[in-house]
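One structure is given here, and the rest of the page talks about it.
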Amino acid sequence: MRRDFAVIGGGIVGLATAYALTTRYPDALVVVLEKEQAPAQHQTGRNSGVIHSGVYYAPGSLKAQLCRAGNRSMTDFCDQHGLPYDRCGKVIVATRPAELPGLHKLHERALAHGLTVNTLSPEQVREHEPHVEALAGLHLPDTGITDYRAVCLTLARLLRARGAVIQYGTQVTGVHADARGYLIDTTDGPFAAHVLVNCAGLHSDRIARQAGADPGSQIVPFRGEYYELIPERRHLVRNLIYPVPNPDFPFLGVHFTRMIDGSVHAGPNAVLAFAREGYTKRDVNLRDLREALSYPGFQRLARQNLREGAAELWRSFSKAAFVRSLQQLIPEVQAHDVTPSQAGVRAQALTAAGQLVDDFLLIDAPNALHVCNAPSPAATSSLEIGRMVAARVPAPPHLSRYPQPSSGDQGVYA
């Protein structure tokens with residue numbers, strides 16, 4: 001049987017996309033192909049659970065537009081389905097004079113995005129986070145936290161109720177275009193679909209190339225390692241505490257995050273993972289490692305960020321160095337206050353020129369769409385990414401009876 005839509009990937013973006021497709025085309029036959037035995041086993045289930053406000057992202061970018069809209073739609077979805085969330089707000093703090101210009105730029109960007117933002121003096125920072133020592137700060141009250149695994153389980157339940165099939169334990173091994181769409185080889189046998197939607201995350205570039213599309217970049221996996229405050233020291237953090245990002249390094253820096261279960265995570269760093277699913281230092285996949293190290297884009301990125309990259313690597317092996325980074329935000333934190341926690345791997349697209357792809361990257365192809373870069377804030381934006389894909393992906397001819405998106409309907413999704 002040939003499905004109307006085959007979605008590869010059962011993370012939050014894949015499930016949200018399938019959900020949007022079944023909303024736009026209620027009679028469509030939709031299958032989600034997921035190689036793990038449950039949803040949200042990779043980026044989705046290993047992130048910090050933050051519902052981002054969108055302050056970091058360039059004006060006009062998809063990240064900025066979809067994150068702001070996703071901040072609202074994600075909390076609406078949680079309200080509708082009884083899922084836990086807390087719009088707890090976060091502070092971004094400057095702890096050194098050199099960080100004050102960067103904090104000012106973030107304030108200007110927040111205003112440009114129309115976000116609610118408040119500037120904070122050192123005393124006002126301590127009103128929000130009593131244990132933080134800072135020169136100045138910003139408070140963004142619309143930032144929140146949730147449980148994205150729970151969101152995915154709810155999406156999966158809703159999809160099954162709509163007649164969609166979620167095929168767990170089904171790894172895609174090959175994709176081939178044919179006259180009617182695509183044939184997809186998997187470990188659970190072949191599947192056929194009129195339209196292919198690639199939401200494969202860490203493997204999205206490979207799936208795109210198998211299907212004949214050129215993503216113009218390569219996924220390079222960066223592991224983010226976390227520590228967790230022991231229960232007796234959780235009182236040091238009320239909500240979310242972020243530093244001003246280093247403008248010379250393409251990641252946000254270590255920060256404190258209160259999770260929806262009350263635990264407090266500290267991190268992440270950013271180091272090259274030796275496997276695309278390399279969640280520990282012992283995880284090595286020779287194909288993945290060779291592919292990353294031989295890629296000119298990674299070589300250029302490493303040269304451009306040699307000092308910062310070395311510091312990140314040292315923090316990976318030295319708990320003392322990691323704790324010193326945390327002490328820049330909360331001087332009271334000591335090594336015995338934190339224990340290692342679950343790591344994640346960021347699926348980051350990188351160009352051959354050594355530039356991180358800074359926005360969500362969607363590649364249109366005949367009867368297909370490939371989501372080839374969807375790191376943070378993809379979880380926050382997932383319902384909006386799904387709507388965008390459903391409005392943009394070509395529909396099989398027999399579904400043309402459904403109204404096609406108008407320019408007003410598509411909004412930022414055109």
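Conditions tested, residue by residue: (1) closer than 15 Å to A391 by Cβ; (2) surrounded by 20 or more Cβ atoms within 10 Å (Cβ to Cβ); (3) not hydrophobic (A, V, I, L, M, F, W, C).
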position: R2; (1), (2), (3): no, no, yes
position: A20; (1), (2), (3): yes, yes, no
position: P26; (1), (2), (3): no, no, yes
position: V32; (1), (2), (3): no, yes, no
position: E36; (1), (2), (3): no, no, yes
position: A40; (1), (2), (3): no, yes, no
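Taking first residues from segment 269-293 that are surrounded by 17 or more Cβ atoms within 10 Å (Cβ to Cβ) and partners that are aromatic (F, W, Y) and assigned to a helix (DSSP H, G or I), the Cβ contacts under 9 Å between residues at least 6 apart in sequence or on separate chains come to N269/F322; L272/F298; A292/F298.
Inclusion of G45 among residues that are part of a helix (DSSP H, G or I) and either of a type outside the set (D, E, K, R) or surrounded by fewer than 22 Cβ atoms within 10 Å (Cβ to Cβ) (or both) is warranted.
Note on segment 88-124: residues that are hydrophobic (A, V, I, L, M, F, W, C) and closer than 23 Å to G49 by Cα total 8. So for segment 336-343 (the condition being touching a Pro at 6+ places or on another chain (Cβ under 8 Å), small (G, A, S), under 25 Å from G45 (Cα atoms) and in contact (Cβ under 8 Å) with a residue 40 or more places away in the chain), does at least one residue qualify? Within segment 336-343 (the criterion being touching a Pro at 6+ places or on another chain (Cβ under 8 Å), small (G, A, S), under 25 Å from G45 (Cα atoms) and in contact (Cβ under 8 Å) with a residue 40 or more places away in the chain), the answer is yes, since at least one residue qualifies.
Looking only at segment 216-237, decide whether some residue is of a type in the set (A, V, I, L, M, F, W, C), more than 14 Å from G344 (Cβ to Cβ) and in contact with a His (Cβ under 7 Å, 6 or more places away or on another chain).
Yes - at least one qualifying residue is present in segment 216-237.
Out of L293, L289, L326, one residue alone is modelled with pLDDT of 95 or more and either in contact with a Gly (Cβ under 6 Å, 6 or more places away or on another chain) or closer than 22 Å to Q41 by Cβ (or both). It is L289.
Within segment 121-168, being over 30 Å from P101 (Cβ atoms) and among the β-branched types (V, I, T) holds for T146, V151, T154, V165, I166.
Taking the listed residues T154, T143, T173, T186, the one that is surrounded by fewer than 22 Cβ atoms within 10 Å (Cβ to Cβ) and under 21 Å from the mean Cα position of the chain (by Cα) is T154, with no other qualifying.
Among the helices (runs of 4 or more DSSP H) contained in segment 56-167, which hold 3 or more residues that are within 30 Å of D4 (Cβ to Cβ) and among the hydrophobic types (A, V, I, L, M, F, W, C)? Give the steps one after another, and end with the answer.
Numbers: elements: 62-81, 100-112, 122-128, 148-161.
In segment 56-167, the matching helices (runs of 4 or more DSSP H) lie at 62-81, 148-161.
If you go through segment 178-197 and pick out every residue that is over 20 Å from L399 (Cα atoms) and either touching a Leu at 6+ places or on another chain (Cβ under 8 Å) or in contact (Cβ under 8 Å) with a residue 12 or more places away in the chain (or both), you end up with 6.
Set side by side, the residues V333, V323, V345 differ, and just one is touching a Leu at 6+ places or on another chain (Cβ under 6 Å), among the β-branched types (V, I, T) and surrounded by 15 or more Cβ atoms within 10 Å (Cβ to Cβ), which is V333. Against the list (1) surrounded by fewer than 17 Cβ atoms within 10 Å (Cβ to Cβ); (2) not assigned by TED's automatic domain parsing to the domain that holds V13, the condition R180 fails is (2). Filter segment 27-58 down to the residues that are under 18 Å from N198 (Cα atoms) and charged (D, E, K, R) and list them by number. Correct list: E34, K35, E36.
The values are calculated or read from the model by the stated rules, or taken from the named source; none is laboratory data. From a predicted model like this one, the values you see are computed outputs, not experimental measurements. Positions of Cβ are generated from backbone atoms using ideal geometry, with glycine treated the same way; all protein chains shown enter the neighbour counts.
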